[in-house]
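To keep things clear, I will list the structure first and then write my remarks on it.
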Amino acid sequence: MAEPPGEPRPEARAGPAAGRDRGAQEQSWPEEGPEQPPYEGFEPEEVPPWPRQPGLGPAAYEYQGVRQASGQPQELRRSVYQPPAPSQDPYRAQDQRGSFYQPHAPGRAPYQSETPEQYLCQPHGTEQGPYEPEVSEIAVSERYALGQDSYRTEEPRQSAYESYAAGLDPYQTHEPRSVYETYTLQEDPCQAYEPGHGPYQPHEPGYGLYQPGYSTYDEQVPDPNPRMLAMQNAKAYLLKSSTTSGLNLYDHLANMLTKILDEQPTNAVDIIENISKDVKWAQFRKKMDTLRDEHEILPTFEVAEKRKALFLKVHGEGDEELEDEIAETPLPNVMETAFYFEQAGIGLSKDETYHILLALKQLISVQPIQTCRFWGKILGLEMNYIIAEVQYNDRAEEEEAEDEEDNEEGGKAMSEDKGGDEDEEKQEDDEPPQSTYRPPPVIPKEDNGTGTNKYVYFVCNEPGKPWVKLPPVTPAQIVCARKIKKFFTGRLDAPVVSFPPFPGNEANYLRAQIARISAGTQICPIGFYQFGEEEGDEEEEGGGGRDTYEENPDFQPLSVVEMVDSLSTWVHHTQNILKQGRCVWLNPFQKSEEEEEGEEEEKAEETDEVQQEIGPPLLTPVSEDEGIQNVPAWTAQYSTNLVPQYAVAILQSNRWPGAYAFASGRRFDNIYLGWGHKYSPENHTPSLPPPVQTEYPSGPEITETNDPTVEEEQALKAAQEEALAAAGEEEEEEEEEDEDEDEDD
Amino acid sequence: MDAASLPGALDLVASGGAGLSPEKRAALGASLPLLQRDYRFERVWFWGRIQGLRGAYYIAEGLGPDRAAPRSRLYSLNCVEWSLLPPASEEMVAQAEKLKGRFQGDPSFEYELAEIKAEDAEKLTEDGQEPVIKEEARLVATIEQIDKAVGIIPRGSFVKTPLGSVHENRNFEGLSLTEAKKLSSYFHLTEPVNLKNKTLLEKADLDPSTDFLDSLEHDIPKGSWTVQLEKGGVVVVLRSLLWLGLTFYHVPMTKQYGYVYFGTGEKNLDLPFML
């Protein structure tokens, strides 16, 4: 900290240039030591009128601090070492700052440009002259505050200096040269720095802020030595590193000031705490890569826009409309259902549920829908699916069916075309042997409104996005879906890469899983539904039994205790899917034994011996559901044990984790919230590829015989001579060999 | 997730369908602070729930001054009365890994290893150990496994001090949205394994105070996390596919983050087939 005296002064003059370089700068300040004499000589004169003259040190400190603020924290550190040479500091600061500090350069300008209070304190009334130029100078700094370019301000300032210098008789007598010299020196930095140091400019307005502080500090420490000591102590204290974070307050303050002056926030004082926080946090935010972050376009607004659309009323034509709406709507009361599920801690957040409700309303308004239900949500890798289960009204159903038939015909035609092409290609080659393989007959899908296609499903990724109708499911898809286990991606058109290959894309897979989950987990309290009048009919050959039911008007709700204690109080109200992939068994031309063994999906291994179909009929109690190994199919519980009066019976499926049902009085509902996979205690084993086809049966006609050895030939010859019949055999062999060769070719 | 921010945090992760009933929320709100007082934890995290067939375990974790130190774990069947779990030993974890199937919901339930794998059990009996493992031990081991495999935090939310202890970063202000969508911005809150194997070049960019953990980037198998923006792009939700049920949330540019597990306590071993 000690200031090495007697350094050559010329170098100090070079200070401005050197000042850019920190290393050079370190040297530059002690070098200015020799400059002191002029100031010192000058000081004695000033000291009497201005008792705060020693305060030059702090002044330096502040100037440096400002310069610092331009983004070179280390320089701030340096500034601390400068107090030993208090008087030069303003000059040094000027040197480095260039034009910005110029106003003060002409000697004591800083002191004079200080706030009026200072002048009041200053008893030297004799020097009226300096005050006048002073005013002009303030005007200059004001202009600076407007953010003007320093080059432009240069001009007026110069005049200010001139007038100032003119008025400053005392100064001129004492050190006219040095004033001008420093000034001229500053010209260089101006030019050298300004272009490169644009950021310095904005600091200028801030510069004025530091002056009041400077003056007070100045007054408090009248004596140079104790003052320096105090400063050093203070600085040492500030530099003390925190034991927890390793930071020190000094650097932190420096960084804060840097930030403030860089960014020039309005009303910085109001947000100083946040700036402090930001600075600290910035230390942990070192960029991981050098690539520039792409501009963040917040998705929030886009989504919000879509959601807002949900809240807009589609039409407000009149009260009649409203009454109609209230009177008869297929819109489910999603919020109420969600409330019951929430009692058991199941369900989406409230606002999401409400958005779904609105989305369903939107769906109903655009589709001819008779019944509608929020089926659940299936999570995906990229996006999730929100699924609505609807039934079209009759008219729409017919249209729908026609459309699909058209599509199918189109599809068939296409596949036939393809087949035709292949045939042509084949005919170009030699006639290949006819394959004896006949593919298993394609099991036709169930008609819309029956079996697995009883309901139509709409999905969307997020409430507010358009609903997409899922295609009807085919038995082949269900059968294949049972063999694979894949995550959904959230894109309906994504391919399903699996083995065995899945016939269709993700939309089909999703539809197949929905069908499986529905069949396995849609349950209701017993007695809520009943069969129609013909109840008691035996199961049809289809195996699904009766596939229609109606609401029981005389349904007596069971108590919650009963609902929880006995699973036989719950029944399936969705038809079981047979092994075949259909709900109603269909004999595909009496093909093979295997096909006839239609078996219900969930009890796959259970009853092998049954000949054809037979799943449990509709409205079978869930107590008959098979568990998986030791895992029962359902877990029943109360929503609360503390208040049994208001408890709700909750069933959660263990076969389809994520499937839940609740019942409370006459109310019940099912929901599925999960990944769309069936539970398997054993690890998923993808089915193996079919065994390698057997080789063509090895026989003499395709076996290459060994060439006879000489001995054999001779023996043969001998034998030929003995028996002519042997020769005939040999010929045959040769012929066979020839044939073999042909085949190889 | 931090017990103090539980109600709001549960809303943020509710998009997966699992949550707590109002009763349980209220109960946790009352019992967790008491837990903090009685066990003198500096902080209590609600860890999640492991669903058994006949009951569910609610798990809480208590943290001391060093956040990276092993955490005390407690379980409760009703969210009110809590019992301290023993620390997980390696042996426990090894045994529990052999168990398959659902939890029963009864801490004293005994799994017989013999049933699971005859050969392994024989080995164990030869060693003079009982081929029986209590569900409580399995619970401990499972929590440990989950914490190790998928307990995650955003980058910068924890700092390592020069003395080696780990603290929450008071200055953490959240990841930016861009960062929040990258897996490299999240760390496993456990002893780093891959970090030491990194090359010097890779280490060069790391800040020792924040990058002292493994990031999720190189988790095996690749793609074992889903990152989604939910709630209209407000919250980033990470879901583990390896431990289905683990959900992590973070609201970008805020201090809100945390993870919670609502699942069956079974590892998704089928993951490679499912991606």
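Brief remarks on what is shown
- Among the residues making up the stretch B:93-114, those that are within 19 Å of the chain's Cα centre (by Cα) and charged (D, E, K, R) are B:Glu97, B:Arg102.
- The lone exception for B:Leu175 - which of (1) open to solvent by 20 Å² or more (accessible area, probe 1.4 Å); (2) among the aliphatic types (A, V, I, L, M); (3) touching a Gly at 6+ places or on another chain (Cβ under 8 Å) it fails: (1)
- Scope the stretch A:682-705; condition touching a helix residue (DSSP H, G or I) at 6+ places or on another chain (Cβ under 9 Å), more than 30 Å from B:Pro272 (Cα to Cα) and open to solvent by 70 Å² or more (accessible area, probe 1.4 Å); matching residues: A:Pro700, A:Glu701, A:Glu704
- Scanning the stretch B:205-247 for residues being within 30 Å of A:Arg307 (Cβ to Cβ), of a type in the set (Val, Ile, Thr) and open to solvent by less than 20 Å² (accessible area, probe 1.4 Å) gives a total of 5.
- Only one entry in B:Ser165, B:Ser184, B:Ser176 is farther than 25 Å from B:Ile50 by Cβ, without any contact (Cβ under 8 Å) to a residue 60 or more places away in the chain and not charged (D, E, K, R), namely B:Ser184.
- For A:Asn505, the conditions (1) among the polar types (S, T, N, Q); (2) within 25 Å of A:Thr353 (Cβ to Cβ); (3) free of Cβ contacts under 8 Å to residues at least 40 places away in the same chain all hold with the exception of (2).
Yes/no per residue for (1) open to solvent by less than 50 Å² (accessible area, probe 1.4 Å); (2) within 14 Å of chain A (Cβ to nearest Cβ); (3) not charged (D, E, K, R):
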site	(1), (2), (3)
B:Gly19	yes, yes, yes
B:Ala26	no, yes, yes
B:Leu32	yes, no, yes
B:Leu35	yes, no, yes
B:Gly48	yes, yes, yes
B:Gly52	yes, yes, yes
B:Ile59	yes, no, yes
B:Ser72	yes, no, yes
B:Leu84	no, no, yes
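- Test: A:Leu357 is at pLDDT 90 or above, away from chain B (no Cβ under 11 Å) and assigned to a helix (DSSP H, G or I): yes
- Scan the stretch A:658-667 for residues that are open to solvent by 30 Å² or more (accessible area, probe 1.4 Å) and modelled with pLDDT of 90 or more and the total you get is 1.
Yes or no, residue by residue, for (1) facing another protein chain (nearest Cβ under 10 Å); (2) of a type in the set (Val, Ile, Thr):
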| site | (1), (2) |
| --- | --- |
| A:Asn641 | yes, no |
| A:Tyr646 | no, no |
| A:Ile650 | yes, yes |
| A:Ser653 | no, no |
| A:Trp656 | no, no |
| A:Tyr660 | yes, no |
| A:Arg666 | no, no |
| A:Asn670 | no, no |
| A:Tyr679 | yes, no |
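- Annotation: B:Phe158 fulfils all but one of (1) in contact with a His (Cβ under 9 Å, 6 or more places away or on another chain); (2) surrounded by 22 or more Cβ atoms within 10 Å (Cβ to Cβ); the unmet one is (2).
- Residue among B:Lys222, B:Lys203 that is more than 24 Å from A:Met383 (Cα to Cα) and either not in a loop (DSSP other than H, G, I, E, B) or not aromatic (Phe, Trp, Tyr) (or both): B:Lys203
- Pairs, first touching a residue at least 12 places away in the same chain (Cβ under 8 Å) and crowded, with 24+ Cβ neighbours inside 10 Å in the stretch A:636-655, second in a loop (DSSP other than H, G, I, E, B) and of a type in the set (A, V, I, L, M), C-beta under 9 Å, six or more apart: A:Ser639/A:Ala344; A:Ser639/A:Ala647; A:Ser639/A:Val648; A:Val648/A:Ala344; A:Ala649/A:Leu558; A:Ile650/A:Ala344; A:Ser653/A:Ala633
- Qualifying residue in the stretch B:141-163 (condition: in a helix (DSSP H, G or I), facing another protein chain (nearest Cβ under 9 Å) and modelled with pLDDT of 85 or more): no
- Any chance B:Ser76 is over 14 Å from B:Thr264 (Cα atoms), open to solvent by less than 10 Å² (accessible area, probe 1.4 Å) and of a type in the set (Ser, Thr, Tyr): yes
- Looking across the stretch A:707-730, the residues that are at pLDDT below 80, open to solvent by 70 Å² or more (accessible area, probe 1.4 Å) and either under 60 Å from the mean Cα position of the chain (by Cα) or not charged (D, E, K, R) (or both) come down to A:Leu724, A:Ala725.
- Looking at B:Leu238, B:Leu269, B:Leu216, just one residue is under 28 Å from B:Tyr75 (Cβ atoms) and out of contact with any strand residue (DSSP E or B) (no Cβ under 9 Å at 6 or more places or on another chain), and that residue is B:Leu269.
- Selected residue (only one of A:Thr290, A:Thr329, A:Thr300, A:Thr266 is at pLDDT below 80 and more than 11 Å from every other protein chain (Cβ to nearest Cβ)): A:Thr329
- Candidates A:Arg491, A:Arg511, A:Arg482, A:Arg516 - the one that is assigned by TED's automatic domain parsing to the domain that holds A:Asp447, open to solvent by 20 Å² or more (accessible area, probe 1.4 Å) and assigned to a helix (DSSP H, G or I): A:Arg482
- Failed item, numbered, when A:Leu673 is tested on (1) touching a Lys or Arg at 6+ places or on another chain (Cβ under 7 Å); (2) in a helix (DSSP H, G or I): (2)
- Conditions (1) at the interface with another protein chain (Cβ under 10 Å from one of its Cβ atoms); (2) modelled with pLDDT under 85; (3) open to solvent by 40 Å² or more (accessible area, probe 1.4 Å); number of the one not met by B:Glu202: (1)
The values are calculated or read from the model by the stated rules, or taken from the named source; none is laboratory data. Computed from a predicted model, the values in this text were never measured in an experiment. With ideal geometry, Cβ positions are generated from the backbone for all residues, glycine too; neighbour counts draw on all protein chains shown. Side chains included, ligands, DNA and RNA excluded: accessible areas come from the protein's heavy atoms. Shrake-Rupley method; radii C 1.70, N 1.55, O 1.52, S 1.80 Å.
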